[in-house]
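Rule-based calculations on the coordinates, nothing more; no lab input. Keep in mind the model is a prediction, meaning the values are calculated, not measured. Here the Cβ positions follow ideal geometry from the backbone for every residue, glycine too, while neighbour counts run over all protein chains shown.
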Amino acid sequence: MANIKQLSELPQRLSPGHSMCGGCGATIAVRQVLMGAGKTPVVCGAATGCLEVSTTTFPFTSWEGGFIHSTFESAAATMSGVEAAFRGLKRAGKIPADKQIKFVAFGGDGGTYDIGLQALSGALERGHDFLYVCYDNGAYMNTGIQRSGATPYSAWTTTSEVGNAVPGKRHFEKDLTSIVAAHHIPYAAQASISNWNDLVTKATKAMDIDGPTFLNVLAPCPRGWRVPFDQAVKIADLGVKTNYWPLYEVENDVWKLTENRKKLPIEDFLQPQGRFRHLFKPGNEHLIKEFQTNVDRHYAYIQARVEGSKVYQQKLEEAGLPLVSDDALAMQSGSKLPFQQ
Amino acid sequence: MAEVTVLAGSGDQMVAEAFRQANPDVLPVYPITPQTIIVEEFDKFVAEGRVHTEFVPVESEHSAMAAAIGASAAGARTVTATASQGLAYMWEQLYVAAGMRLPIVMANANRALSAPINIHGDHSDILGARDSGWIMYFAENAQEAYDDTLMAFRVAEHPDVMLPVATTLDGFITSHALERCELMDDETVAKFVGEYKPEHSLLDTDNPNSYGMFANLGNFYMETKLAQRKAMEKAMPIIKAVGEEWEAISGRPFDVVKTFGTEDAERVIVVMGSSTGNCRAVAKALREVGEKVGVVSLRVFRPFPTEELAAALKGAKAIAVMDRAETVGGEGGPLWQEVSACLHSAGNTAPVRDYMYGLGGADVTLELINDIFNDLKTLEADKAAGTVPAVTYKGNR
């Protein structure tokens, strides 16, 4: 936990002067995540997308530390190579053994839920010591608001058009955080730009862990969500308060939920957004009802995972099994591999 | 003093040995036939602790090249290997590696592309990537695959070049068949290859760099491409100088364009890769009975050795180009196109005929090559009579 004063004293890692839209949620997410690194050097990477094109218009860069981008679907794979180089060069004695760098890869939901999912899965399985951050704005915003695997049910996008025959996106969004959690990595969490303290705390926790970690951050795109430019944080806040975006973490397979005690109806999240305008036309109440049902069902699912985690821990205790095996972690990080230079 | 071990080695095995001796910092790789022996052999070196390499067994070739890009940008000597669909899958990353001027060394076991699926040797994969900005070597045999791989580090990492290099060997014929090979001692190779000292590194957090930036309209895209072209031009003399240096150590001659009989040959075959030996054998037999035939084999395809090829073909009266990759719908195969352009630039008006051969590993017999030399006898008249097709298939049913 940190206070705003402490955070304000940390180095700025994303300089102003980039061309992200005013009020962009992704930019806020990046700044908050990188505050979590404290003063340790950070090398960042990004998938192709708004964040990448808008912060690296040659010959300018907004990245105060090292930055790399290769292609849309390969933010995780590219960063895995950077991290592997860090290990290999240290082992070769070409980099001091005590040198500290945090590695953070950013991808939008298109670059993470969809095209980059395979590369992310591989990098998580291989145990690279890096944090992957998905800034989830629920569509391919860089190419002009096309639907992705993260676009909410019934939302309008330019490829889930609203017309007489189709009421927006016909499919529910993918549960990416659960998919990532199924890799049994040390840490995965959902956060929101509206809950800055929670986000920075989770980012710090993730970066302090040796091994792959993941944050899925709700980062509204005012342009794509059809809200005024000063509303990104407010909308994200409503996303959390309506349970559209539950805040939780999965640490060594143990799920913990930040319980939302004053749950608001989903209409509070939907109504301010132009992309859901059609839901509020008379006769479309069933769409809102279905949206609400899905939100409640998903929240119940997360609660069940939290309950299940208690059972899981109990079973481990009964069997005398550790939650984390230090030996396996050391093997994964390579520190226990027999090596002769 | 250089010490040589003579062994029966496959091309893949010799590439793995070359990788071991260069001791890369990072090797991200995904298995694909006929490249797998390289991965398997190298992982044994890792398991035995004979290299300090961080071995990254990625989940796809696309990620193999992505990780190679990340590692190379981080200042690591980076190698990988692939073939066929794997090379096709990492396609967009090939351009990124070259555009970012990363000296990655990659071995490609040349193999046909689907469909139909076929695991055998041809040049469809690597020649499809000919415009990606990679330097490309074509090995004739396992020994050349070894030599090319060692030389590749020197060329790629040269400060005036800084381009990725693909060293290629024909699937199965070269990748798997055992041949007599000479393995140089580790110390001599280490001295020859040297250590990679990058000018910039992503891990230099005191002097941060951004890699893979956005160069949109008016923002240096063309200038970047021009810089790549200039680096390719600078690469040729460096390829030759490095080749001479290795020649002095190994005793094996190095030429970007290998010639046989061209000093007086009237009929010449232009070829690349493992079929060179067969062409040479047929030419030798024909020359013994007084026929003026010759063979030209390109060991380096990118940068294209225009001057050397033009010189080699100067006296030819009829030329056959043997293409082992289709350009369906094109006037001729990729090698024919390059050779034709080269001849045109040199003002050489000798007739040229394009042959498509060995696709998907189809047999390349001595008879097939003999037929081509025979065809060349009447090429000028046949062309005038209009009986020569744009591309002549050989060795098919």
Number of partner chain Cβ atoms within 10 Å, mean per residue of B:49-57 | 6
Each residue of the stretch A:45-59 in order: what ³J(HN,Hα) in whole Hz does its phi give by Karplus 6.51 cos²θ - 1.76 cosθ + 1.60, θ = phi - 60°, with x for Gly and Pro?
-> x, 8, 6, 4, x, 3, 4, 5, 5, 7, 9, 9, 6, 4, x
Residues with amide H under 5 Å from that of B:T168, placed H, sequence gap 5 or more | B:N108, B:Y137, B:F138, B:A139
Using label points projected 7 Å from each Cα along Cα→Cβ, tell me how many nm separate B:E266 and A:Q12, to one decimal.
-> 7.9 nm
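What list do you get for B:L87, B:L102, A:L120, A:L323 if you sort them by fewest beta carbons within 10 Å?
Numbers: B:L87 28, B:L102 22, A:L120 32, A:L323 12.
In order of increasing Cβ crowding within 10 Å: A:L323, B:L102, B:L87, A:L120.
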Estimated Rh, the stretch B:157-287: Kirkwood, alpha-carbon pairs, angstrom = 19.3 Å
Expected sort for B:S132, A:S15 with the fewest Cβ neighbours (10 Å cutoff) up front is A:S15, B:S132
For residues of B:192-203, the mean tally of beta carbons on other chains within 10 Å | 3
Dipole of the stretch B:4-250 (Lys/Arg Cβ +1, Asp/Glu Cβ -1, origin at the Cα centre): which of B:L183, B:S201, B:G218 lies farthest to the positive side?
-> B:G218
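About the Cα centre of the stretch A:4-333, how large is the charge dipole given +1 on each Lys and Arg Cβ and -1 on each Asp and Glu Cβ? Please answer in debye to the nearest 20. Intermediate results must be reported in sequence, preceding the final value.
Numbers: 33 positive and 33 negative charges, 133 e Å.
With only Lys, Arg, Asp and Glu charged at Cβ, the dipole is about 640 debye.
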Relative contact order (%) - criterion: Cα under 8 Å, at least six apart; region: the stretch B:52-122 | 31 percent
Looking only at other chains, what is the average number of their beta-carbon atoms within 10 angstrom of each beta-carbon in B:209-222?
-> 6
For the stretch B:295-306, Karplus couplings with θ = phi - 60° (6.51, -1.76, 1.60), whole Hz, Gly/Pro x | 9, 10, 10, 8, 8, 10, 9, 9, x, 6, x, 4
Report the one residue of A:V250, A:T293, A:F269 whose Cα lies farthest in the direction of the positive end of the charge dipole of the stretch A:233-316 (charges on C-beta: Lys and Arg +1, Asp and Glu -1; origin at the Cα centre).
-> A:F269
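When the Kirkwood radius is taken over all Cα pairs of the stretch A:42-97, what Stokes-Einstein diffusion coefficient follows at 10 °C and 1.306 mPa s, in µm²/s?
It comes out at roughly 129 µm²/s.
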Taking N as the number of residues in the protein assembly as shown, what is its Cα Rg relative to 2.2 N^0.38 Å?
-> 1.08
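Arranged by the count of other C-beta atoms within 10 angstrom, fewest first, what order do A:K174, B:K225 take? Intermediate results must be reported in sequence, preceding the final value.
On the way: A:K174 17, B:K225 14.
By the 10 Å Cβ count, ascending: B:K225, A:K174.
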Of B:G212, B:G332, B:G121, the one that fluctuates the most in a GNM where chain B has Cα springs shorter than 10 Å | B:G212
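Suppose every Lys and Arg Cβ carries +1 and every Asp and Glu Cβ carries -1, with no other charges. What dipole size does the protein assembly as shown come out with about its Cα centre, to the nearest 20 debye? Could the numbers behind the result be given before it?
Details: 67 positive and 88 negative charges, 457 e Å.
The dipole of the protein assembly as shown has a size of about 2200 debye.
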Scan around B:V29 for amide H atoms under 5 Å from its own, H built in the peptide plane at 1.01 Å from N, and keep only partners 5 or more places away or cross-chain.
-> B:V56, B:V58
Anchor A:K99: lysines whose Cα lies under 23 Å away (excluding residues fewer than 8 positions away in-chain) = A:K39, A:K90, A:K205, A:K336, B:K197
How many nm separate the modelled label positions at B:L178 and A:L264, each set 7 Å beyond the Cα in the direction of the Cβ?
-> 7.5 nm
With each run of n ≥ 4 DSSP H residues scored as -39500 (n - 2.57), what mean residue ellipticity at 222 nm is computed for chain A after dividing by its residue count and rounding to the nearest 500 deg cm²/dmol?
-> -11500 deg cm²/dmol
With +1 on each Lys and Arg Cβ and -1 on each Asp and Glu Cβ, how big is the dipole of the stretch B:148-198 about its Cα centre, in debye rounded to the nearest 20?
-> 120 debye
Over chain B, what relative contact order in percent results from Cα pairs under 8 Å that are six or more residues apart?
-> 16 percent
Principal axes of the stretch A:169-294: Cα extent on each, largest first, Å | 52, 29, 27
Given backbone amide H placed at 1.01 Å from N, residues whose amide H is under 5 Å from that of B:K292, ignoring those fewer than 5 places away on the same chain, are B:E266
In whole Hz, with x marking every Gly and Pro, tabulate ³J(HN,Hα) for the stretch A:247-264 from phi via Karplus 6.51 cos²θ - 1.76 cosθ + 1.60, θ = phi - 60°.
-> 8, 8, 9, 10, 10, 6, 6, 9, 8, 10, 10, 7, 4, 9, 7, 10, 5, 9
Treat the stretch A:55-195 as a sphere of radius equal to its Kirkwood radius over Cα pairs and apply Stokes-Einstein at 4 °C in a medium of 1.567 mPa s; give the translational diffusion coefficient in µm²/s, rounded to a whole number.
-> 76 µm²/s
Furthest towards positive pole of dipole, A:G93, B:P389, B:I69, structure part the protein assembly as shown, Cβ charges = B:I69
Could you give the angle, 0 to 90 degrees to the nearest 10, between helix A:232-241's Cα long axis and the longest principal axis of the Cα atoms of chain A?
-> 90 degrees
